[in-house]
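To start, the structure under review is shown below, and the notes come after it.
The values are calculated or read from the model by the stated rules, or taken from the named source; none is laboratory data. Everything numeric in this text was worked out from a predicted model, so none of it was measured. When we count neighbours, we look across all protein chains shown, and the Cβ atoms used for this are built from the backbone with ideal geometry, even at glycine. Protein only, heavy atoms only, side chains kept; ligands, DNA and RNA dropped before computing areas. Shrake-Rupley method; radii C 1.70, N 1.55, O 1.52, S 1.80 Å.
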Amino acid sequence: MIEPQRDRLRSLPDFPAELPTFDPESAPADPQQLFVAWLDDALAHGVLQPHACTLSTAGPTGHVTARTLILKDLVDGLWVFAGARSTRKGVDLAANPSAALTFYWPTRGRQVRVTGEVEELPSEVAAADWRARPATTGDTNPDWAAWALTPTEIEFWQARHDRDHVRHWYRFGG
């Protein structure tokens, strides 16, 4: 039998000694500008794969699943990612086109959560993404899709050592 892990989990190290500060009053009106600034900050501080995020979906049964993938683009308010239609994410998105993306940069004490509706992009976008992949076989993959998440909410979260973490929300569409 496994012993309870509560004490051990509570004692694990959390954030580095130096954390950036964040004043929501200074946030730009465009959340993508703030995201790019935080992405640049993560890169400047050596965060590996800062464009990796967790995509959470719920499929036909309503069960939630999550996986890590790479953000492919930010354009005109859309958050673009790609993958195979035949995978769990593709099946889930076909049945329920709502999703969430979560970016987490623990060494900066930052998280960005993007929730909204997803639509499949034209096949040319998916084909261009497929061709740009580093280890693809063949010029085309008919199963490959590109999706765009249109946010209904974006939350920026900045950790603080006193646990009074700073949250800033952008909400869209009602």
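Data table
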{"item": "Some residue of region 93-113 being of a type in the set (D, E, K, R), touching a Ser or Thr at 6+ places or on another chain (Cβ under 9 Å) and over 14 Å from Phe35 (Cβ atoms)", "result": "no"}
{"item": "Flag if Ala95 is in contact (Cβ under 8 Å) with a residue 12 or more places away in the chain and either of a type in the set (S, T, N, Q) or open to solvent by less than 40 Å² (accessible area, probe 1.4 Å) (or both)", "result": "no"}
{"item": "Qualifying residues in region 106-123 (those that are of a type in the set (Val, Ile, Thr) and either outside any helix (DSSP H, G or I) or without any contact (Cβ under 8 Å) to a residue 24 or more places away in the chain (or both)) - the one farthest from Gln158 (Cα to Cα)", "result": "Val118"}
{"item": "Qualifying residue in region 51-67 (condition: among the hydroxyl-bearing types (Ser, Thr, Tyr), open to solvent by 80 Å² or more (accessible area, probe 1.4 Å), without any contact (Cβ under 8 Å) to a residue 24 or more places away in the chain and closer than 25 Å to Gln158 by Cβ)", "result": "no"}
{"item": "Residue count for region 7-35, restricted to those that are surrounded by 10 or more Cβ atoms within 10 Å (Cβ to Cβ), hydrophobic (A, V, I, L, M, F, W, C) and under 19 Å from Gly46 (Cβ atoms)", "result": "3"}
{"item": "Test: residue in region 105-122 that is surrounded by 15 or more Cβ atoms within 10 Å (Cβ to Cβ), touching a Lys or Arg at 6+ places or on another chain (Cβ under 9 Å), at pLDDT 95 or above and among the β-branched types (Val, Ile, Thr)", "result": "no"}
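Residue by residue, here is whether (1) within 28 Å of Pro106 (Cβ to Cβ); (2) in a strand (DSSP E or B); (3) more than 21 Å from the chain's Cα centre (by Cα) holds:
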| residue | (1), (2), (3) |
| --- | --- |
| Val125 | no, no, no |
| Thr137 | no, no, yes |
| Pro142 | no, no, yes |
| Pro151 | yes, yes, no |
| Ile154 | yes, yes, no |
| Trp169 | yes, yes, no |
